[in-house]
Amino acid sequence: MVDQDRGPAPLPWPSAWRRPPLGGWRLTVLCGVLVVPMALACGVALVDSEPRVAAGLGAVAVVVGTIGVLARPRRPRRQVVGPVTVEVDGVQERAVRFAVRPGTVLLGLGLVAGGVALLAAVVAMLVLVVTRGEARFLIGGVVVGVPGLVLLLGGIAALSSKRTNNAVDLTPRHVLVETGHGRSDIPWAEIESVTATSAVIPVGARAAVQNLIVIGVRQPSDLPDQVLVPCGRLVNDPVLVYHGLLYYVGRPGDRDELASDAAVRRLEAGQLV
């Protein structure tokens, strides 16, 4: 089966992977469903001359709406980075790079949501100052606004931070996997298999399903028998990364092109099957 909506290359979707509910829009849709009644309740509170209730509901609605916008699925990136220069065992090698998102994304989302909530409360306080002349809310706005601005800026910085060491790099001699827990330098000759799987990962009180690329390593080796690549952290289309690994594992004669633009053109065109 070919997954045309998932990414840039018309490549088969691994049967072991699970597709996200509602195409990845589940959280966004849920937030939208919650925002509508909160907005209506906020309007009712304003009509009933309950500005504090309206301000609280409005702040919560803004936070929920922000989370929904930030959680929307993003189209996997078509462009492949390369060739870049990496160091392996003191030797400079050229590589094609699949970027990996830093682990600060969830922290950044939390900071942005908290900052937006506090700033929404500030707006509500300013409305009370203007409409009711209650100057005490002006002081409260300053007290709440400063930490709100700090949280918002901190969240934006976390989301926009770039950690170039987080990546899956393919060189003519190695596959380098760095997802934030230390880099694994795997010689192509030691790769026994490349497979796709999904795993249930505990997240708080619930469980989330995560698709994984599993690189099997021949033993004995200094490396673990499996190196995992979490698909949710990949900036590029995970299907493209999976088939790219499969292609070069099975075609040693083509690995030299990983040091040139030829591999970039092949990957972006999806010429891997």
Do we have any residue at all in region 216-229 that's surrounded by fewer than 18 Cβ atoms within 10 Å (Cβ to Cβ), at positive phi and in contact with a Gly (Cβ under 8 Å, 6 or more places away or on another chain)?
no
Any residue at all in region 196-210 that is surrounded by 14 or more Cβ atoms within 10 Å (Cβ to Cβ), assigned by TED's automatic domain parsing to the domain that holds Val84, touching a residue at least 60 places away in the same chain (Cβ under 8 Å) and within 20 Å of Val96 (Cα to Cα)?
no
Checking Val64, Val44 in turn, the sole residue that is more than 20 Å from the chain's Cα centre (by Cα) and modelled with pLDDT of 70 or more turns out to be Val44
Given the conditions (1) of a type outside the set (Ser, Thr, Tyr); (2) modelled with pLDDT under 80; (3) closer than 30 Å to Ala262 by Cβ, report the number of the one that Val122 does not fulfil.
(3)
Breaking point among (1) more than 30 Å from Val200 (Cβ to Cβ); (2) modelled with pLDDT of 75 or more; (3) in a helix (DSSP H, G or I), for Val53
(2)
Output yes when any residue across region 231-252 is out of contact with any helix residue (DSSP H, G or I) (no Cβ under 6 Å at 6 or more places or on another chain), part of a strand (DSSP E or B), in contact (Cβ under 8 Å) with a residue 40 or more places away in the chain and of a type in the set (Ser, Thr, Tyr), and no when none is.
no
Scan region 84-93 and give yes if some residue there is assigned by TED's automatic domain parsing to the domain that holds Leu27, modelled with pLDDT of 70 or more, closer than 24 Å to Val177 by Cα and buried (at least 16 other Cβ atoms within 10 Å of the Cβ), otherwise no.
no
It is to be established whether one or more residues within region 212-227 are touching a residue at least 60 places away in the same chain (Cβ under 8 Å) and of a type outside the set (Ser, Thr, Tyr).
no
Per the list (1) assigned to a strand (DSSP E or B); (2) modelled with pLDDT of 80 or more, residue check on Val116 breaks on (1)
Filtering region 210-227 down to residues that are under 26 Å from the mean Cα position of the chain (by Cα) and closer than 21 Å to His243 by Cβ yields Gln210, Asn211, Leu212, Ile213, Val214, Ile215, Gly216, Gln226, Val227
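The values are calculated or read from the model by the stated rules, or taken from the named source; none is laboratory data. Computed from a predicted model, the values in this text were never measured in an experiment. Every residue, glycine among them, receives a Cβ derived from its backbone with ideal geometry; neighbour counts consider all protein chains shown.
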